[in-house]
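Let me begin by handing over the structure; questions about it come next.
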Amino acid sequence: MTQLSCAVALGSNLGDSAQTLTQAIATLAQHPHLSLQAVSPWYQTAPVGGPPQPDYLNGCAVFETTLTPLRLLDILLQTEQQFGRIRRERWGPRSLDLDLLFYAEQIINLPRLTVPHPRMRDRAFVLVPLADIAPHWRDPVTQQTVAQLCAQVDRSGIQQQLAEKISEL
Ligand code: GSY
């Protein structure tokens, strides 16, 4: 079966976010059809949108997979639930958020799934960590690379975590 690359964004602002992100990556990496290729540093980021809420910890990971996009989406949703995600309010705080950003160079518009992620181009908290691990990945919609998209966003409010705070996988 053909292995395709996919990029996933991770975010958390409830509980021990560093531990949650690290364990979520480890859980995904153990899936028989996901092969972890790269993980970004974690960034402490000011919340965008929603009610007043704590800062987030955000990062990105790249996997190779033989899963279909919808099967991968289901695994991301299951993993969110495993880590106690409760959808209280749409833009409110959450223990774990996993978003599928890219699935190879495919453009997917399904009722349950839009890829590339429709809001990723405006989000420094996604583009900054993604540019660390996949700067040359080309957005199939805009034809711009992640590095180019990242250079266009306001990265104030984005702070890289100190190395010793990044849990080892
Ligand atoms: O869309 C992901 C959840 N989210 C975040 C986030 O992960 N990081 C920051 N900085 N702000 C956010 N607002 C929402 S909603």
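Roughly how many percent of the accessible protein surface of the stretch 4-160 is carbon and sulfur, given a 1.4 Å probe and a whole-percent answer? Don't skip to the end; give the middle numbers.
Numbers: 3630 of 7330 Å².
Its accessible area is 50 percent carbon and sulfur atoms.
Just to be sure I understand: with springs between alpha-carbon atoms less than 10 Å apart, which residue in THR22, THR68, THR79 has the highest mean-square fluctuation in the Gaussian network model of the chain?
THR68
Calculated FRET efficiency, THR66 and ARG119, Cβ-Cβ r, R0 25 Å, to nearest 0.05?
Numbers: r = 27 Å, r/R0 = 1.09.
Approximately 0.35, to the nearest 0.05.
Whole number in Å², please: accessible area per residue of the chain, 1.4 Å probe, ligands, DNA and RNA not counted. Before the final figure, lay out each step's value.
Working: 8580 Å² over 169 residues.
That works out to 51 Å² for each residue.
If you rank HIS136, HIS117 by how much accessible surface each has, with a 1.4 Å probe, what is the order from largest down? Display every interim value, and only then the final one.
Working: HIS136 160, HIS117 20 Å².
Result, largest first: HIS136, HIS117.
Quick one: among ALA151, ALA61, ALA131, which has the greatest mean-square fluctuation in a GNM of the chain with alpha-carbon springs under 10 angstrom?
Greatest mean-square fluctuation among the candidates belongs to ALA151.
Could you pull the Cα extents of the stretch 8-130 along its three principal axes, largest to smallest, in whole Å?
Over the stretch 8-130, Cα extents along the principal axes are 38, 28, 26 Å.
How are the C-alpha pair distances of the stretch 101-153 spread across 5 Å bins, as whole percents from the shortest bin up?
5, 23, 33, 25, 11, 4, 0
Among PRO69, ALA151, TRP91, which residue has its Cα furthest toward the positive end of the charge dipole of the chain, with +1 on Lys/Arg Cβ and -1 on Asp/Glu Cβ?
TRP91
What do you get for GluC sites (Glu not before Pro) in the stretch 78-128 restricted to DSSP loop and a cutoff of at most 13 other Cβ within 10 Å of the site's Cβ? Provide the component values of the computation, followed by the final result.
Working: sites: GLU80, GLU89, GLU105; in loops: GLU89, GLU105.
Of the GluC sites (Glu not before Pro), the ones in loops of the stretch 78-128 whose Cβ has at most 13 other Cβ atoms within 10 Å are GLU89, GLU105.
The values are calculated or read from the model by the stated rules, or taken from the named source; none is laboratory data. Fair warning: this is a prediction, and the values are worked out from it, not measured in the lab. Note that we place each Cβ from the backbone using ideal geometry, even for glycine, and neighbour counts take in every protein chain shown. Accessible surface is based on the protein model in full, side chains and every heavy atom, while ligands, DNA and RNA are left aside. Shrake-Rupley method; radii C 1.70, N 1.55, O 1.52, S 1.80 Å.
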